[in-house]
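The values are calculated or read from the model by the stated rules, or taken from the named source; none is laboratory data. Quick caveat, the model's predicted, so the values are computed rather than measured. Every residue, glycine as well, gets a Cβ built from its backbone with ideal geometry; the counts of neighbours run over all protein chains shown. Just the protein is used for accessible areas: all its heavy atoms, side chains included, with ligands, DNA and RNA removed. Shrake-Rupley method; radii C 1.70, N 1.55, O 1.52, S 1.80 Å.
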Amino acid sequence: MNPTHMRLIDAEPYAFSFEPDRCALLIIDMQRDFLEPGGFGEMLGNDVSELRRAIAPNQRLLAAWRAAGLRVMHTREGHRPDLADLPPAKRIRGRCATRIGDAGPMGRILVRGEAGHDIIPELYPVAGEAVVDKPGKGAFHATDLDAMLRNLGITQMVVTGVTTEVCVNTTVREANDRGYDCLVPSDCVGSYFPEFQDAGLRMIKAQGGIFGWVTDSTKVLAALL
Ligand code: C5J
């Protein structure tokens with residue numbers, strides 16, 4: 001593929017003008033803490049198997065994106081080992097018996113450097129792919145993501161990962177306010193709640209694409225050939 005050639009991707013509410021050399025694949029929080037038993041997601045009472053259906057489509061998209069030589073970035077939600085970047089309100093939210101920073105089966109919950117904080121092996125970053133550690137739900141809050149994107153000339157993103165209504169939605173909204181165009185492939189994002197999966201995607205594409213565009217991974221893959 002010629003990365004300088006714009007191509008149209010079938011999407012809702014209308015076709016997305018894909019400019020490969022200006023577009024990053026941003027994979028949000030595909031971490032063991034959210035996708036494997038014993039982590040933060042399960043601690044909050046969720047069934048992690050709901051999220052795991054997004055793994056295979058992400059693997060196919062990531063492989064094609066890498067093969068096309070395009071830019072990939074990953075994010076991880078988590079906190080410093082001393083928890084100095086963890087707002088007390090976030091630590092006690094949910095009033096769970098086990099909290100962020102406590103010991104769990106995959107190490108301290110949502111703490112950087114612990115096994116559970118790491119990205120799942122199926123989507124593990126390779127050399128040259130930026131990994132953005134974020135303390136919040138949005139990938140722009142308290143990170144250097146915006147600076148990296150601007151310095152690299154990135155103006156649009158294909159955003160995938162988990163969860164649809166929390167970190168994916170927050171990031172797409174933050175990106176939109178900063179002037180980036182975001183395309184979300186519905187099969188590459190996941191929610192613990194089917195109704196939030198649906199609503200989270202509808203909120204992005206409603207009102208003429210108020211936050212961005214929604215498609216599915218087969219249409220993005222077709223544009224990468
Ligand atoms: C949540 C996330 N759901 N990555 N984080 O707490 O969506």
Grab the DSSP H runs of the chain that are 4 residues or longer, score each as -39,500 (n - 2.57), total them, divide by all residues and round the 222 nm result to the nearest 500 deg cm²/dmol. -8000 deg cm²/dmol
In a GNM of the chain with a 10 Å cut-off on Cα contacts, which of G41, G78, G161 has the highest mean-square fluctuation? G41
In nm, the gap between the two label points placed 7 Å beyond Cα toward Cβ at A199 and D82 is 4.0 nm
Ignoring ligands and nucleic acids, M1 exposes an accessible area, probe 1.4 Å, in Å² to the nearest 10, of 80 Å²
Lysines whose Cα lies under 27 Å from that of K134, excluding same-chain neighbours fewer than 8 positions away: K90, K205
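How much FRET efficiency would the formula 1/(1 + (r/R0)^6) give for R7 and R112, where r is the Cβ-Cβ distance and R0 is 25 Å, rounded to 0.05? Intermediate values should be presented prior to the final figure.
On the way: r = 38 Å, r/R0 = 1.51.
So the FRET efficiency works out to roughly 0.10.
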Amide H partners (placed H, <5 Å) of H79, local residues excluded: V111, R112
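How high is the relative contact order of segment 7-224, in percent, counting Cα pairs under 8 Å that sit 6 or more residues apart? Present the calculation step by step, with values, prior to reporting the outcome.
On the way: 435 pairs, mean separation 60.4, N = 218.
28 percent.
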Using a Förster distance of 30 Å, the FRET efficiency for D102-T143 (Cβ separation, nearest 0.05): 0.80
Determine the percent antiparallel among the DSSP beta bridges restricted to segment 49-143, to the nearest 5. 25 percent
Running a GNM on the chain with Cα contacts under 10 Å, which residue among L83, L25, L51 ends up with the highest mean-square fluctuation? L83
Each label point is 7 Å from the Cα along the Cα-to-Cβ direction; what then is the distance between the points at Q207 and S17, in nm? 2.3 nm
5 Å is the cut-off here: which amide hydrogens, built 1.01 Å from N in the peptide plane, fall below it relative to G161, excluding neighbours closer than 5 in sequence? I28, V189, G190
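Dipole size in debye (nearest 20) for segment 7-224 around its Cα centre, Lys and Arg Cβ +1, Asp and Glu Cβ -1?
Values: 25 positive and 29 negative charges, 51 e Å.
My answer is approximately 240 debye.
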Would you list R7, R91 from the most to the least accessible area, probe 1.4 Å? R91, R7
Degrees, to the nearest 10: 194-209 long Cα axis against longest axis of the chain: 40 degrees
